[in-house]
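The values are calculated or read from the model by the stated rules, or taken from the named source; none is laboratory data. Just so it is clear, the model here is predicted, and its values are computed rather than measured. Cβ sites come from the backbone with ideal geometry, for glycine too, and all protein chains shown count toward neighbours. To get the accessible areas, we keep the full protein, side chains included, count just its heavy atoms, and leave off ligands, DNA and RNA. Shrake-Rupley method; radii C 1.70, N 1.55, O 1.52, S 1.80 Å.
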Amino acid sequence: MPPQRRRGKRKPAGRRGFEPRAVRSVSHKFPTLLACALIGAATLAVFAGVFRNGFVSFEDEIYVLKNPHVRAGLSVANVAWAATATEASHWHPLTWISHMTDVSLWGLHPAGHHAASLLFHAGSVLLVFLLLRGETGSAGRSAAVALLFGLHPLRVESVAWVAERKDVLSVFFGLAAIGFWGDWIARRKRSAYGASLALFSASLLSNGTFLTLPLLLLPLDVWPFRRLPRAGEEEPRSRWTARFVEKIPFLVLSIAAAAALFGAQRGAGAAEALAVPFGLRLENAAVGS
């Protein structure tokens, strides 16, 4: 008769609760996938009204309806035009290309143009959730913040107005750049650094929303990426220097994009407000606030 197992003796680690790797992976990711599905569905449901919207006479004509390059759809010649175009006092070639793509897909039916903007916004909301979920480990609070961002009334203009495609594009690519930046910090893979830099470039080519990202990366080192030394620990100066050096390519891109944007606005006369005395601008800001 075999000896009885002693009470409290553990089973071999390799057999206790054994599940195939694929099953463990799915069960581990299921809550996150479910949260993504619910957040995405909520965002689409709240903004579903945009599918009934048409174009508006304020700037939609400049960006789509009366722009011959956009109306002609996506082509090599029109992409070349977008690379240097300064219409609407902006330099944002990727935004022009996105509008051309919409025309190639949907023609001038406004529902397709609104659908593209809404999908980019929903993608940004999911990125906010995934970034916070990955860094904090809290699915509930991360979902709450993502929904606050996604459903906030201040986002309605960018999502529901075709001419504001530049904003939803820039935000989407900017958030994706931060996501790959976190991956670079975690795994130090050059591919992640390159992807972050490329996505940041795409954000700048869409709009200047994330021009200050190189400066934003500094406080992100504190939270959520927690790159500061723990209490009582000291870090060599070389490591601090490396953290500044790694952000230089992002800063160079920001400066170049800012110069291009300023040149476009000055050429269109949109920068004339800089000639107004600084004191008068302060008075106007105080009244306007």
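Our estimate of slack between Lys66 and Glu157, defined as 0.36 nm per intervening residue step minus the Cα-Cα distance, is 30.6 nm.
Would you please state which residues of region 65-104 a label at Ala258 would reach in this model, taking the label point 7 Å out along Cα→Cβ and a backbone N cut-off of under 19 Å? Those under the cut-off are 90-92.
Legend: calculated FRET efficiency, Thr136 to Val56, from the Cβ-Cβ distance at R0 = 45 Å, rounded to 0.05, equals 0.70.
Residue separation of Val79 and Leu119 scaled by 0.36 nm, minus their Cα-Cα distance, works out to 12.1 nm of gained length.
Qualifying chymotrypsin sites (Phe, Trp or Tyr not before Pro) in region 39-136, where qualification requires a DSSP coil assignment and no more than 16 other C-beta atoms within 10 Å, comprise Phe58.
Once the Cβ-Cβ distance between Leu282 and Leu215 is put in as r, and R0 is 25 Å, what FRET efficiency do you end up with, to the nearest 0.05? So, using R0 = 25 Å, E works out to roughly 0.60. Of the solvent-accessible surface of region 111-204, computed with a 1.4 Å probe and all protein chains present, 68% belongs to carbon and sulfur. Over all orientations, region 71-198 has a Cα convex hull whose mean projected area works out to 9.2 square nanometres. Near His99: Cβ cut-off under 13 Å, other residues only, Lys/Arg at +1 and Asp/Glu at -1. The net charge is -2.
Modelled spin-label separation between Ser104 and Glu246, with each label point placed 7 Å from Cα along the Cα-to-Cβ direction: 3.7 nm.
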